[in-house]
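Novice: This is the structure I have questions about; it appears just below.
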Amino acid sequence: MLDFDTVLSDEVPAVLWNIKGDALRVTPVSALGKDDYIYENTLKEILEKDAKILVFATNRLSLEDFSSSDKPLASNDTLQNLQSFLDGQRYMFMSHVNDPLSQIHEVHCGVQEIVVDQSIDENVLQSVSMAFDKSCVVILHITDAGIVGPREKAFQPEFQKTLKNIIGIFTGLKSSWGGVNEEHHKFRNLLSLEESSEQNYVNFSSCIIMYAENGTLRIDAANTTISLPSNIDTNGSECGNNTALLKLKFGPAGEYSNVVLVFNFTSQMGSWTTQSYLELSEAQINLNSKDLAAPNEFSYSCGDFVLKSNNISDLYIVKFSRFQIQPFQVKEKFNESFDCITWFTVPIWMGVFVALILIVIINVGVYSLFSIRTMDRFDDPKGKTISVAPGTD
């Protein structure tokens, strides 16, 4: 069973700007883009230009903290001073970055950390300059007292001439929302699963993550269904930037001494596609896996995953009750999933059916209203009234 712990409070805003030089290519951040992906790529571009990074980190920060306030500007109000400073600067703003400081700590050029209590004075700047001699990243941890003094010197400090490119980043350790500050809530990037005794397979390699559960192989010609064993071997799998190969050797299954499922992944034009085949002893059967595809930064998931052979007369079917895989841009867990569910699911069809019924009822009602006709003759109030003679028995 594969499970991951995620803390919602790890998502905090991040603001980036050029303190010195132009190593940061300031571009508008799309609201439809993924902030984690943009933030990670921006850090890579900055470090590739041999730039230094000065991080201003507060204990708590959230998107709501940047909302406008009617209170007057205070000398120790860090956020208000930052917003006033950014009014005259070009900067990048990302609203939801997952634990940005952890990504900064992963850089290979070293990280130095300094605690700042109220003021960024000459002593702090001297300490920062000395820290930049040892590493490319310096983190200033701002206490709850905030930053006192001119905001221009605080967020745009002057450094020695030997430092050419310096990027400023303002972010936080945790979200300001205290409801989940210390409690870890369990979430799953896979489909929700209950603990069970079903067979499941998990494969981690340097570029591939895969999860599969309850695998079976059906051979129509022999009218048999074989349960794939849980002991698997991934020897022969290969990783690369644009190609990846995953071999799943299931060992003896049924009458077959060796069952191997092979996935060959190719990345082109921002998406990855798959070709797959099945090895049964000495035979090789090509499988139809054209639907096993997704954008590079996405994983692929399916609640009822099926691979069929191209030869219909001699049909081989590999099936997993739960399946998820990601061959590129792998970190410690699955990225957001590209699901196999088609556009028109059962709930969508139910909605369409109800909508059609409502449209029919409305049309019948409107047609009935337009079919009403008024009388063509009326009684004349000034003339003789109409009288009807009483009937006789």
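Novice: Go through segment 265-296 and count every residue that is under 17 Å from PHE250 (Cα atoms), open to solvent by 40 Å² or more (accessible area, probe 1.4 Å) and outside any loop (DSSP other than H, G, I, E, B).
Specialist: Qualifying residue count, segment 265-296: 4.
Novice: Cβ-Cβ distance below 7 Å, separation of 6 or more or different chains: which pairs start in segment 317-332 with a residue that is closer than 17 Å to SER271 by Cα and end on one that is acidic (Asp, Glu)?
Specialist: Note: pairs meeting the criteria are GLN329/GLU297.
Novice: Go through the residues of segment 114-125 one by one and say whether even a single one is open to solvent by 60 Å² or more (accessible area, probe 1.4 Å), among the charged types (D, E, K, R) and under 18 Å from ASN59 (Cα atoms).
Specialist: yes
Novice: Assess whether LYS71 counts as being at pLDDT 85 or above and either among the hydrophobic types (A, V, I, L, M, F, W, C) or open to solvent by 60 Å² or more (accessible area, probe 1.4 Å) (or both).
Specialist: no
Novice: For segment 4-14, does any single residue satisfy the condition of being in contact with a helix residue (DSSP H, G or I) (Cβ under 8 Å, 6 or more places away or on another chain), assigned to a strand (DSSP E or B), open to solvent by 40 Å² or more (accessible area, probe 1.4 Å) and at pLDDT 85 or above?
Specialist: no
Novice: Moving to a separate point now. Within segment 91-123, can you find the residues that are among the acidic types (Asp, Glu) and either touching an Asp or Glu at 6+ places or on another chain (Cβ under 6 Å) or assigned to a helix (DSSP H, G or I) (or both)?
Specialist: Matches in segment 91-123: ASP99, GLU122.
Novice: Quick one: how many residues across segment 299-332 are farther than 19 Å from SER237 by Cα, open to solvent by 40 Å² or more (accessible area, probe 1.4 Å) and out of contact with any Asp or Glu (no Cβ under 6 Å at 6 or more places or on another chain)?
Specialist: 9
Novice: Still on this structure, please answer the following. Looking at (1) exposed (fewer than 13 other Cβ atoms within 10 Å of the Cβ); (2) in contact (Cβ under 8 Å) with a residue 40 or more places away in the chain; (3) part of a loop (DSSP other than H, G, I, E, B), find the lone condition where GLU158 falls short.
Specialist: (2) is the only condition that GLU158 fails.
Novice: Across segment 82-102, which residue is least open to solvent (accessible area, probe 1.4 Å) among those that are within 18 Å of TRP17 (Cβ to Cβ) and out of contact with any strand residue (DSSP E or B) (no Cβ under 8 Å at 6 or more places or on another chain)?
Specialist: PHE85
The values are calculated or read from the model by the stated rules, or taken from the named source; none is laboratory data. These numbers come from a predicted model, not from an experiment. Note: ideal-geometry Cβ built from the backbone for every residue, glycine included; neighbour counts use all protein chains shown. Each accessible area value is taken on the protein alone, full model and side chains, heavy atoms only, with ligands, DNA and RNA left out. Shrake-Rupley method; radii C 1.70, N 1.55, O 1.52, S 1.80 Å.
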